[in-house]
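Enquirer: Before I ask anything, here is the structure I am working with.
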Amino acid sequence: MTAISVTLVQLLAGLGVLVTVLWTWRASIRRTRRAAEVARRSARLASLAGRVLVTAGLIVGVQWVVIAFSHNTTLLLVVLGLPALFAGHTLTRALTITTFDGYQQRGRR
């Protein structure tokens, strides 16, 4: 039986290859996670835009039917006013600052 002899240079070269492989593997994992997060964000944005367009289309369709075929003034005001109230409420909530989470200076409570 022969003994395995490894020189210091071979040991350091093997260790360098191992560190390089591990570093490359971790970098690829980070890159993959980053790409997946970007894909999720764009999918969320596209999904939100699609839902907004479908909802707006439905509202406009119902409003068009009521305006074109109904002569009831109350129904006309409800069909035009209700979506305006929802839009106004949504915009007011989106544009209102309710809290301020600023940093505290050292020594102050």
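The values are calculated or read from the model by the stated rules, or taken from the named source; none is laboratory data. All values reported here derive from a predicted model rather than from experimental measurement. Counting neighbours? That spans all protein chains shown, and the Cβs are built from the backbone with ideal geometry, glycine included.
Enquirer: Give the stretch 24-71 a look and list any residue that's under 13 Å from the mean Cα position of the chain (by Cα) and either of a type in the set (Val, Ile, Thr) or not in a helix (DSSP H, G or I) (or both), or say none.
Expert: Within the stretch 24-71, just Val38 meets the criteria.
Enquirer: Criterion first (free of Cβ contacts under 8 Å to residues at least 12 places away in the same chain and loosely packed, with under 10 Cβ neighbours inside 10 Å) does Phe86 satisfy it?
Expert: no
Enquirer: If you take the residues in the stretch 65-83 that are surrounded by fewer than 10 Cβ atoms within 10 Å (Cβ to Cβ) and hydrophobic (A, V, I, L, M, F, W, C), which one is farthest from Val52 (Cα to Cα)?
Expert: Phe69
Enquirer: Being modelled with pLDDT under 80 and surrounded by 10 or more Cβ atoms within 10 Å (Cβ to Cβ) is true for just one of Arg109, Arg44, Arg33. Which residue is that? Even if it seems obvious, please write down each step before you answer.
Expert: Working: Arg109 fails: surrounded by 10 or more Cβ atoms within 10 Å (Cβ to Cβ); Arg33 fails: modelled with pLDDT under 80.
It is Arg44.
Enquirer: Given (1) part of a helix (DSSP H, G or I); (2) over 30 Å from Ala87 (Cβ atoms), identify the lone condition not met by Ser5.
Expert: It fails just one condition, (1).
Enquirer: Let me ask another. Residues being part of a loop (DSSP other than H, G, I, E, B) and not polar (S, T, N, Q): count how many of those fall in the stretch 80-99.
Expert: Going through the stretch 80-99, the residues part of a loop (DSSP other than H, G, I, E, B) turn out to be 96-99.
Narrowing the set further to residues that are not polar (S, T, N, Q) leaves 97.
Number of matching residues: 1.
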